[in-house]
Amino acid sequence: MILKSKRLFYLLCLLLFLLIMLLSPLYTSDYFLILVSNILMYIVLTVSWTIFSGPTGYISLAPAAFFGIGIYTSAIMGSQFSLPVILATGAAAAFCCALLVGMVTLRLQGIYFTIFTFGLVELLGEVVQWWEVNVTGTTGRIVPGTEYTTVYYTMLGIAVVLMLTAYIIKHSRYGLALQSIGEYEEAAGHTGVNVTALKIVSFAVSALFMGACGVIMATRWTYIDPSIAFNPLFSFLPVLMAIFGGVAHLFGPVIGAVIFSYLEEFLTTQFPYYYMLIFGVILVIAIVYLPTGLTGLIRKLGGRLRRRHANT
Amino acid sequence: MIETILNVVVDGLLIGGIYALIAVGLSLQYGVAKVLNIAHGEFIMLGGFITWTSYKVFGINPLLSVAICGPLIFVLGFVLHLALFKRIRMTSETEGAFEGNSMLACFGLMFIIQNVAILIWGAGIKGYSYLGFPVSFGGGAVFPANRLTTLAVAVIICIVFYLFLSRSHMGKGIRAAAQDPDTAQLVGVDINRVLALCFGFGALMAGLAGTLVSMCYKVEPTMGLEYTIIAIIVVVLGGMGSILGSFLGGILLGLIGSLVSHIEPGLTLASFYLIFMILLLVKPTGIFGK
Amino acid sequence: MFGKKFFFGLIFFMIAVLFVSSPCLAKDKIVIGQPFSLSGPLASGAASSSGPFYKLWVKQVNADGGIYVEEYGKKLPVELIRYDDKSDVGTMTKLLEKLILEDEVDFIFPPWSTAMLYAAAPICNKHGYILIGGAGGAVKLKDLDLPYFFQVLNDAETQMPELAEIFADIGVKSAAVVYRGDLHGIEYSEFSIPEFKEKGIEVKMQQSYSPGIKDMSSLMKKAKSKNVDAFVVHDYPGATMLGTSQAMELGINFKALHFNVGPCFTFYPNTFGSEVVEGVIGCGAWNGKSTPGAQDLIDRFNKNMDQKMPDYWGGLFYYSSLQHFRQAIEEAGTLDQEKIRDVMASKTYKTDLGDFWYNEDRIFTNHPGQIGQWQNGVFEVIDTGEKRTAEPIYPKPKWPGKKKK
């Protein structure tokens, strides 16, 4: 009974928060929307990374590849098509690419998988570059811009759908199966789930959201070329944000993304000459002293408090 | 035709020597200490800048600055491992978690080292010219003196290092730690010290590579990542953790690069990535691995 | 235990961050915002070229007490706010809009590199902010037709015809053109190759390569085997440094050796020594002899900045465009972008490079030079016509070889 009402309370809080987010363009400034869209971008990248890499423990450095595919789709289809069509295409392209990558990397374990996915980002960048130079004859592309509110709502929409998807996967038997892959892959087969297919599909689903995210972000960037689209930074940042927030809980990556993207905004503007130094130090400290992330720490602190409470 | 082939081979060997030296340090760090050092290129950059400073400001011969650069960067690597990676190793539950966490910590290190370098040396491009003249061995074949020196030094360093690992007492400890950390600990090897030494030696190799790289290429604070990527490719090619493999892998990559750039220069890097990814899929232990 | 302390520290830090107020904008100064690559791959280029000139200008304006704005009846000092865009276009656009929308700065100075300019120009235009192009510029950018964008630097469209002209003049018969496979390289090759052909220079070899090139020896050997007079490289400083050192190491000498970006910077002769780079040709260009004001700019730069004059391509362009900008503000007597824009688009002012004005497409055309060549430690302008400061050296002298000590 208590559990049920508690859950209801959380749900109401979430809905209220969503309502505030939905209405915010009415009463906030344009820059607030830009800032929040940017934070939402990191949330989408981070949470979608966590769908696959969180439970399985396979550290993928491919986000920039799928994000870049979205960006390039947006740049190529740009002015001829409407946004929903481009979104669908970009997401589908990323999904298909991830399916393919997932299929070929099945055998790869641990660090080999990580390196492979990192190579993928660089390879795609190089190939697109070569293609643009030798086939289309140019490399830079202008992306037609859209309204701030369009970007904001699209991003919000993607984020909401993503959160729902992540929640459903996590609390289904597929989520459990994914978790068991991370713990003991051979045993995961006994849970009655097709582990191979599950791995590939969840990898592709995470790529789908990254692709969609790229499509919409490209309209904010106005100009892109292969090195801009396939920037390895967008592989590392989501991973760092997720680890910083903690991957065990769904809200860990969200917290990590919010804090990191805000931190980045603060440092690049207030301490532009020391941005990397401060950011790097925080990163290192976070990894050394928060191996389970912020949510892990909160849970630990919460547990300690509760115990103290019980003692008195 | 024969001349062309010879040219391709020589160019490949000369650049391969540099690739090999770049990669050996990373191979050691990953192979024994299990740290995939994304900041490897930053240590190369530091080596380059130290050499640049000692040559341009104090007039010290770049080859001699190996003696300054090596110990400095070794200490840096050694201390870093004791302060950072040792702790991460203790707090990480599995080896996989350690590999992931230490890689991300290296990413943070990369940011820190780059920023510090910008603060010390400024963001601008630096360079110097040393032994920048052709050497002829008769028969019309001409070789660049600095790259020839680089190749020779790289070979010497790799051999010395290989002998050190296979013959010396400390080297045997390192190899034991690499193969079986738990047993090594049981027989009285101070595993943390050995791992820190390893990381330090890896950094040292990167520093020396930086010295040699600065003799052939420009130096700037943001140059690290491209060398890190090359190092990773070579290490995969030669098999992770194998010093000899990395050396041969470097030479091989140099030859491949030279061949591809002879045919279609636009695809040199793409071919690197493609080969390395295919190899990861087909034979993750590397061409020379078991 | 440390983890907990650290965590609370972090939370405290975050809260502190939240309450840092944005800069207050009372009209006692003119605030100029600039998203700039202070870290990341573009940082080294940015610091070696246009970066210091904006700072010098701010310093000099404030030494005069500021810019006189009639609207306020007084001289307003200038403050330059720089944000680090991490060499990432996405971050740059975000920071640019922060400067415009949130900080509400009075003016915007440009980010670094052509791609960044491409991304910034439409945004500034949309918000009605003047953008004076700094380092970068491409022919394609002019097609966008943005009324608030002013192109300052010269590009392939004017430089490559001049290079062809010079080559024809000094007697180059054949050339090899190699270029970086990106916007920069492609655009320059699209201008240089037809111009060479038109002037009767045979292009015996043309080849693009991937941007991260680490070995140019095979390209140079190939060109040498075709026995070309001129070796032309369209690329950025990385390839310039690489190409120069490899040509020197292999003893491969061409009668004319051209690199686009790189020779114009002083780190180039500083790296190799001025006797080595003697005769190397590059895009640019200006030097102390170009105009009376040019030498003065060099002196002022060397005196006021903690480095020596770094840039003999854009340096004079950037600084003069800012001098023009200042006079336009003073004439407009207001900080209103539209009025200043109209003045800028129509008026000619005296600057360090002489008369400075924009044509009807808002492009600056009175360039002090297109092509330069290192001669005795000076980057001489070798354009045909009156801009020339020295006769071109042809053929280029041999590499000095082994240094005598």
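Taken together, the values in this text are just the output of simple stated rules run on the coordinates, not laboratory data. Note that the coordinates shown come from a computational prediction; the quantities given were computed from them, not determined experimentally. No Cβ is skipped: glycine too gets one built from the backbone with ideal geometry, and neighbour counts run over all protein chains shown.
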Among rounded, prolate and oblate, which fits segment A:30-231 when a ≥ b ≥ c are the square roots of the eigenvalues of its C-alpha gyration tensor, a/c under 1.5 means rounded, and a/b larger than b/c means prolate?
-> oblate
In the structure shown, do any of B:Lys126/C:Lys173; C:Lys350/C:Lys396; B:Lys126/C:Lys303 have a Cα-Cα gap over 30 Å, and if so which?
-> B:Lys126/C:Lys173; C:Lys350/C:Lys396
For peptide A:229-238, compute the average count of partner chain beta-carbon atoms within 10 Å of each residue's beta-carbon.
-> 3
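By its C-alpha gyration tensor, with a ≥ b ≥ c as the square roots of the eigenvalues, how is the protein assembly as shown shaped: rounded for a/c under 1.5, else prolate for a/b larger than b/c, else oblate?
Values: a/c = 1.74, a/b = 1.17, b/c = 1.48.
Here the protein assembly as shown falls in the oblate category.
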What angle, in degrees between 0 and 90 and rounded to the nearest 10, separates the Cα long axis of helix B:191-216 from the longest principal axis of the Cα atoms of chain B?
-> 10 degrees
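Cut-off is 10 Å between beta-carbons; in what order do C:His258, C:His367 appear when sorted fewest neighbours first? If you can, show how the numbers build up before the last one.
On the way: C:His258 26, C:His367 22.
Starting with the residue having the fewest Cβ neighbours, the order is C:His367, C:His258.
Run lengths n ≥ 4 of DSSP H only: what is the helix-derived mean residue ellipticity at 222 nm for chain A, with -39500 (n - 2.57) per run over all residues, to the nearest 500? Let's see the in-between values first.
Numbers: 14 runs with 248 residues, N = 312.
The helix-only estimate for chain A comes to -27000 deg cm²/dmol at 222 nm.
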Classify chain C as rounded, prolate or oblate, taking a ≥ b ≥ c as the square roots of the eigenvalues of its Cα gyration tensor: rounded when a/c is under 1.5, otherwise prolate if a/b is larger than b/c and oblate if not.
-> prolate
Cα centroid separation - segment B:36-90 against segment C:322-396, whole Å | 45 Å
Rg and Dmax [Cα atoms of segment C:45-84; Å; Rg one decimal, Dmax integer] | 12.6, 40
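Which order do peptides B:145-156, B:59-70, A:206-217 fall in by mean Cβ count within 10 Å, highest first? If you can, show how the numbers build up before the last one.
Numbers: B:145-156: 19.4, B:59-70: 16.8, A:206-217: 29.9.
Final packing ranking: A:206-217, B:145-156, B:59-70.
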Taking Cα centroids, how far is segment B:206-232 from segment C:67-87 in Å?
-> 40 Å
In the Gaussian network model of chain C, springs joining C-alpha atoms below 10 Å, which of C:Pro147, C:Pro310, C:Pro211 carries the largest mean-square fluctuation?
-> C:Pro211
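With both partners inside chain C, how many of the DSSP beta bridges are antiparallel, as a percent to the nearest 5? Don't jump to the answer; show the numbers that get you there.
On the way: 15 of 46 bridges.
Expressed as a percentage, antiparallel bridges in chain C total about 35.
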Considering amide H positions built from the backbone, and no H for Pro or chain starts, which residues 5 or more places from B:Leu36, or on another chain, come under 5 Å of its amide H?
-> B:Met103
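I want the antiparallel fraction of DSSP beta bridges within the protein assembly as shown, as a percent rounded to 5.
Values: 21 of 52 bridges.
Of those bridges, close to 40 percent are antiparallel.
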Selection from C:Asn359, C:Gln370, C:Thr334, by position along the positive dipole direction of segment C:327-374 (Cβ) = C:Gln370
Expressed as a whole-number percentage, the relative contact order of chain C with C-alpha contacts under 8 angstrom and at least six residues apart is 16 percent
One computes Rg over Rh for segment A:1-133 from alpha-carbon atoms, with the Kirkwood Rh, and obtains 1.07
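Using Cβ contacts closer than 10 Å as the measure, can you line up C:Lys55, C:Lys199, B:Lys34, B:Lys86 from fewest to most?
Values: C:Lys55 13, C:Lys199 16, B:Lys34 22, B:Lys86 19.
Fewest-to-most Cβ neighbours within 10 Å comes out as C:Lys55, C:Lys199, B:Lys86, B:Lys34.
Please compare each pair in A:Lys199/C:Lys98; B:Lys34/C:Lys94; C:Lys55/C:Lys142; C:Lys86/C:Lys214 to a cut-off of 30 Å on the Cα-Cα distance and tell me which ones are over it. Present the calculation step by step, with values, prior to reporting the outcome.
Numbers: A:Lys199/C:Lys98 41 Å; B:Lys34/C:Lys94 38 Å; C:Lys55/C:Lys142 27 Å; C:Lys86/C:Lys214 24 Å.
Checking Cα-Cα distances, A:Lys199/C:Lys98; B:Lys34/C:Lys94 exceed 30 Å.
Could you order peptides B:230-243, A:145-158 by the average number of other Cβ atoms within 10 Å of their residues, highest first? Show your work: numbers first, answer last.
Numbers: B:230-243: 26.3, A:145-158: 18.4.
My ranking of the peptides, most packed first, is B:230-243, A:145-158.
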Among B:Ser261, B:Val219, B:Cys158, whose Cα sits farthest toward the positive end of the charge dipole of segment B:133-262 (+1 at Cβ of Lys/Arg, -1 at Cβ of Asp/Glu, about the Cα centre)?
-> B:Cys158
